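Q: Just passing along the structure, written as structure tokens.
The values are calculated or read from the model by the stated rules, or taken from the named source; none is laboratory data. Small disclaimer: the values here were computed from a predicted structure and weren't measured. Glycine also receives a Cβ, built like all others from the backbone with ideal geometry; neighbour counts cover every protein chain displayed.
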Amino acid sequence: MTTASAQPPAGESSVFSEQLQTELLSVAGIRCAACIQLIEFSVTQLPGVESFRINPISQKAQLSWRSEQLNLKKVIQTIVDLGYAAFPANQSLSEYQAKEKKVALWRLFVAGFAMMQVMMYAFPAYLVPVPEVDGDLSPDLDRLLKIASLIITLPVIGFSAIPFFRGALRDLKHRTIGTDVPVAVGILLTFFASCWATFFGGAVYFDSAIMFVFLLLGARYIEENVKRRTSAALSVLTQIHASVAQKILAYPSLEQIQNCRPDEIVVGDYLLVPAGEQIPCDGLVIDGHSECDEALMTGEAKPVSKKLGDQVIAGSINLHSALVIQAEQVGNQTQLASLIAMMESATLEKPRLLALADKHASRFLFAILVIAILSGIVWSFIDPSRALWIAISVVVVTCPCALSLATPGVMSAAIGQLAKFGMLVTKGTAIENLANLTHVVFDKTGTLTFGKLKVLHTVYLHDEDISIFEQQSIAALLASMSLHPASRAITEDFVKQQASHVTQVVLSPDLKVEASLEQAGAGITAKLNGTWYRLGKLDYVKEMLEDLEQLAWQIPDEYRSQSVSVLANQSRILAYFVMEDCLRDEAIACIAELQKQVKKVILLSGDRNEVATAIATQCGITEFKSELSPAQKYDYILNLQQQGAVVAMLGDGMNDGPALSLAQVSVAMGQGAPISQTRSDCLLMSNRLSDFNFSMQLAVKAYRLIRQNLAWSLLYNVIAVPAAVLGYLEPWHAALGMSLSSLMVVVNGLRLLNLKPIDYDVMRST
């Protein structure tokens, strides 16, 4: 069989593409959208950097750079110089995070303890605002309480508030305005103004300054914990890795075995995986029989049987007995690594609704500082004693955290929850589009049906020139070249006929493949020993026939409602294979639920009209098309979109690739062809249609929460800013409002974690 490989353009070195490297980094210390903008801008200015994007929830960054111009150490150093911490994502951050959490708790404790003490000292002053010589609070006692408050406030300013000052200095140094700038300004103005009032007379607000710090630290601490929870489901796959593997140095002898790390495995190595251990790489079972738990990768709750010739997936658990596997994909090439990369990439994408908010976060902060200054100037003419405090309140009460940080939390919670139940989102925009769907288009084979075709009848037509054994070999050889469900069924049937323990097709040694070509959704053509053969749909096969009598041949009437593949050479039809495919258990209930949601459900099939009609009737689908080519499926969806439809396409075959690439939401089945998966926004790893319905339900909920968060953030600022400008808010009121506002929208995203898919099995039983 001849194959063509892609060649680099003339004048370009093949090494050039290899020099473009990618790396996933963990970036710690991010507080707001301005932090992200600063880091991304600084890194992208480095020569050789192609792209750099940060996820504010997982705090992971995807870096792509050219190694001949830049090294990874320079990138990490640039981030560190900005005042943040950066590590390669494959390094454990647990020690760093534990240390940061411990320090954060100490800062919070110091601020809380000081706040309680200062509140006690401030209480008498609130009772007697203007102390008299003969009053209950003498000037000397009043000054003593103020000095005591000042002393207790010093550890808060010098220790607890350090993160705000450090962040503000970093932002100002790089000529940006993040949320730490107004926070630091508010704290310092309150503190120094109170220091002045302590020695020269006037009201002090040490209690407000400390309460401000305490509330901010508390909100940040809770927010960090909430973000960790929202990204917990998202990080489940990234936590799966085998710490050690057992390499067999001389298979089939098991005497020479050494322990090695998974990154030391190379393709072709033989590995011993004892019961209870994780599979360290993608591979092929060459000895042993067991079951593997693949739930975290595929969503399949039941253990999957593994025997000679079966594929195993990195990260799955070998449950019962030892297996010997041969490594096929290792390191970043494994299916697990690909899933992690796609999921991390999806969390970096934002709905169009959020892009505008993040883009203008810095401008919003600058505008607030201007409003605060103008408010202070105006109030200096109205009531000079309140001017400074009103300016501080304006600065403190406004914060774009709720606008720019909390909404990505909803996205990560949604993507993580979907991954938990078998739907892997590979493009973040899919969440927004899922929430606005109007049409859902299904493929038939492997989507509404299991795609696990079973050969019911095989009929070899008499031919004096070709023996039955040769016809079987030709059919099996052609079928083995394709991933189509019909081809797989023919191959498996041939293997089963040979012997139950044989895992590879035993072919006639005289057959030589000279050329081959597969037409997506139609069949495969191959030249064997100088003769052309075709295996596939009847119409596709007939295109090659030269005999007029053979062109008139039809599938027998008793098999009209079933899938049939035909084998022929240029002269005549040699055999046909009658196959059966079962409807997925939850298909009828899922389609009924979609129609209940006023979604238009359409079936587009490449199969014969009789087969498509039978499936559509069973599922209650009124609009369906049959005998469609990939191009016709593409045109059909394009026509729907031109009429204003938002279309989701579910498919699993090679012939679904063009249609999947066009649909606003493309969903590939987990067991589908690789080309359909690479062109999709989502992978339905569980292969359960009920999980697709759940993804729509969750997307609608997520998008509603995003709109609620944005609406609340805008409403809060519309109310809070005028209230602060007009003098109705004290600084501590402003601190409390800002903290609660940010915390509220973050916690709002946690509501997604309560959603779970409908159990259609329970529905049927009741």
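Q: Among the residues that make up the stretch 452-461, is at least one of them surrounded by 20 or more Cβ atoms within 10 Å (Cβ to Cβ), at pLDDT below 80, within 16 Å of Leu535 (Cβ to Cβ) and out of contact with any Lys or Arg (no Cβ under 6 Å at 6 or more places or on another chain)?
A: There is at least one residue in the stretch 452-461 that is surrounded by 20 or more Cβ atoms within 10 Å (Cβ to Cβ), at pLDDT below 80, within 16 Å of Leu535 (Cβ to Cβ) and out of contact with any Lys or Arg (no Cβ under 6 Å at 6 or more places or on another chain).
Q: Can I ask one more? Looking only at the stretch 637-662, count how many residues are at pLDDT 85 or above and in contact with a helix residue (DSSP H, G or I) (Cβ under 8 Å, 6 or more places away or on another chain). Write out each step before concluding.
A: To start, the set of residues in the stretch 637-662 that are at pLDDT 85 or above comprises 637-650.
This time we only want the ones that are in contact with a helix residue (DSSP H, G or I) (Cβ under 8 Å, 6 or more places away or on another chain), so: 637-638, 641, 646-650.
Of the residues in the stretch 637-662, 8 are at pLDDT 85 or above and in contact with a helix residue (DSSP H, G or I) (Cβ under 8 Å, 6 or more places away or on another chain).
Q: Out of contact with any Pro (no Cβ under 8 Å at 6 or more places or on another chain), within 16 Å of Arg608 (Cα to Cα) and not assigned by TED's automatic domain parsing to the domain that holds Leu650: does that describe Leu548?
A: Spelling it out, it is not the case that Leu548 is out of contact with any Pro (no Cβ under 8 Å at 6 or more places or on another chain), within 16 Å of Arg608 (Cα to Cα) and not assigned by TED's automatic domain parsing to the domain that holds Leu650.
Q: Restricting attention to the stretch 473-511, which residues are at pLDDT 70 or above, in a loop (DSSP other than H, G, I, E, B) and aliphatic (A, V, I, L, M)?
A: Within the stretch 473-511, Met481, Leu483, Leu511 qualify.
Q: Based on this model, can you work out whether Gly83 counts as surrounded by 14 or more Cβ atoms within 10 Å (Cβ to Cβ) and modelled with pLDDT under 80?
A: yes
Q: Can you name every residue in the stretch 435-451 that is modelled with pLDDT of 85 or more, touching a helix residue (DSSP H, G or I) at 6+ places or on another chain (Cβ under 7 Å) and of a type outside the set (A, V, I, L, M, F, W, C)?
A: Within the stretch 435-451, His439, Asp443 qualify.
Q: Next question. Given Ala361, Ala367, Ala406, which one is of a type outside the set (Phe, Trp, Tyr) and at pLDDT 75 or above?
A: The conditions single out Ala367.
Q: Any residue at all in the stretch 259-275 that's at pLDDT 80 or above, assigned to a helix (DSSP H, G or I) and either surrounded by 19 or more Cβ atoms within 10 Å (Cβ to Cβ) or within 31 Å of the chain's Cα centre (by Cα) (or both)?
A: Within the stretch 259-275, none of the residues are at pLDDT 80 or above, assigned to a helix (DSSP H, G or I) and either surrounded by 19 or more Cβ atoms within 10 Å (Cβ to Cβ) or within 31 Å of the chain's Cα centre (by Cα) (or both).
Q: Only residues that are more than 26 Å from Ile415 (Cβ to Cβ) and touching a Lys or Arg at 6+ places or on another chain (Cβ under 6 Å): list them for the stretch 48-81, please.
A: Result: Gly48, single match.
Q: Looking only at the stretch 519-543, how many residues end up being more than 23 Å from Ser605 (Cα to Cα) and surrounded by fewer than 19 Cβ atoms within 10 Å (Cβ to Cβ)?
A: Selection size over the stretch 519-543: 5.
Q: Determine which member of the set Asn709, Asn693, Asn717 is closer than 26 Å to Ile415 by Cα and at pLDDT below 80.
A: On the way: Asn693 fails: at pLDDT below 80; Asn717 fails: closer than 26 Å to Ile415 by Cα.
Selected residue: Asn709, the only one of Asn709, Asn693, Asn717 that is closer than 26 Å to Ile415 by Cα and at pLDDT below 80.
Matching residues to (1) farther than 17 Å from Phe192 by Cβ; (2) out of contact with any Pro (no Cβ under 8 Å at 6 or more places or on another chain); (3) modelled with pLDDT of 80 or more; (4) not hydrophobic (A, V, I, L, M, F, W, C):
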{"residue": "Met120", "(1), (2), (3), (4)": "yes, yes, yes, no"}
{"residue": "Val130", "(1), (2), (3), (4)": "yes, yes, no, no"}
{"residue": "Asp136", "(1), (2), (3), (4)": "yes, no, no, yes"}
{"residue": "Ala148", "(1), (2), (3), (4)": "yes, yes, yes, no"}
{"residue": "Phe165", "(1), (2), (3), (4)": "no, yes, yes, no"}
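Q: Would a scan of the stretch 591-606 turn up a residue that is surrounded by fewer than 21 Cβ atoms within 10 Å (Cβ to Cβ) and at pLDDT below 80?
A: yes
Q: Does at least one position in the stretch 210-228 carry a residue that is in the same structural domain as Glu100 (by TED's automatic domain parsing), assigned to a loop (DSSP other than H, G, I, E, B) and at pLDDT below 75?
A: For the stretch 210-228, residues in the same structural domain as Glu100 (by TED's automatic domain parsing), assigned to a loop (DSSP other than H, G, I, E, B) and at pLDDT below 75: absent.
Q: Give me the residue from the stretch 720-739 that is modelled with pLDDT of 70 or more and of a type in the set (A, V, I, L, M) and, out of that set, farthest from Ile431 (Cα to Cα).
A: Checked the stretch 720-739; the qualifying residue farthest from Ile431 (Cα to Cα) is Leu726.
Q: If you don't mind, another one. Identify, from the list Val598, Val578, the residue that is under 31 Å from the mean Cα position of the chain (by Cα) and β-branched (Val, Ile, Thr).
A: Residue meeting the stated conditions: Val598.
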